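I have placed the structure first, in the form of structure tokens, so that the comments after it can refer back to it.
The values are calculated or read from the model by the stated rules, or taken from the named source; none is laboratory data. Values in this document were obtained by computation on a predicted structure and should not be read as measured data. Positions of Cβ are generated from backbone atoms using ideal geometry, with glycine treated the same way; all protein chains shown enter the neighbour counts.
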Amino acid sequence: MPHLIKHPKDFWTGVIFLVFGLSAVLIGRDYAMGTAGKMGPAYFPTVLGGLLSVVGGIAVFRSFKRVGEQIERFHLKELFIVLAAVVLFGLLMRGAGLAPAAVVLIMISAYASPQFKWHEALLLALGMAGFAVLVFVKLLGLPLQVFGPWLQF
């Protein structure tokens, strides 16, 4: 008996997009919508959630028509490493500052890859930390400390 779903990756990606998109639309119903000229708090999540739902619906529909790859194993270890890096970034931001927190985030996240190399990851981390400082602190003027109180002597 042939399977109804011919492209499982597209199917499950579409389902995830639909869940997140429809959730944003449902949550946005509790707020004032506004107009395109004067947006209310519900406008952005509702429009974005609607667009995400459309993309998800298209992906689910395509999964019945197009033949594609099967789903590979789920990489739990790598998922937890990246999640831990993001949590650690949030914890380090206030005490260590933007630059060290960004370096730690990128180094730990890069470690999750099987192609991890220390020198490449360190160069990327330093470059991205400098870019983050340039964009967020210097150009946008956000009140973020480059080096927090833990690193000031």
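Just a few scattered comments:
- Residue in the stretch 134-144 that is out of contact with any strand residue (DSSP E or B) (no Cβ under 6 Å at 6 or more places or on another chain), basic (K, R), assigned to a helix (DSSP H, G or I) and more than 30 Å from F11 (Cα to Cα) present: yes
- Flag for A84 being over 19 Å from P149 (Cα atoms), out of contact with any Cys (no Cβ under 9 Å at 6 or more places or on another chain), of a type in the set (A, V, I, L, M) and surrounded by 11 or more Cβ atoms within 10 Å (Cβ to Cβ): yes
- Exactly one residue out of A112, A125, A129 is surrounded by 11 or more Cβ atoms within 10 Å (Cβ to Cβ), over 20 Å from M93 (Cβ atoms) and among the small types (G, A, S): that is A112.
- Residues within the stretch 78-94 that are farther than 28 Å from K6 by Cα and modelled with pLDDT under 95, tallied: 1
- Among residues of the stretch 22-44, those that are assigned to a helix (DSSP H, G or I) and surrounded by 13 or more Cβ atoms within 10 Å (Cβ to Cβ), counted: 8
- Among the candidates V103, V47, the residue that is surrounded by 13 or more Cβ atoms within 10 Å (Cβ to Cβ), within 19 Å of the chain's Cα centre (by Cα) and without any contact (Cβ under 8 Å) to a residue 12 or more places away in the chain is uniquely V47.
- Assessment of the stretch 58-75 against the conditions (among the charged types (D, E, K, R) and surrounded by 14 or more Cβ atoms within 10 Å (Cβ to Cβ)) yields at least one matching residue.
- Matching residues in the stretch 106-133 - criterion: being part of a loop (DSSP other than H, G, I, E, B) and in contact (Cβ under 8 Å) with a residue 24 or more places away in the chain: A112, S113
- Residue, nearest to R62 (Cα to Cα), within the stretch 1-43, restricted to residues that are among the hydrophobic types (A, V, I, L, M, F, W, C) and at pLDDT below 90: I5
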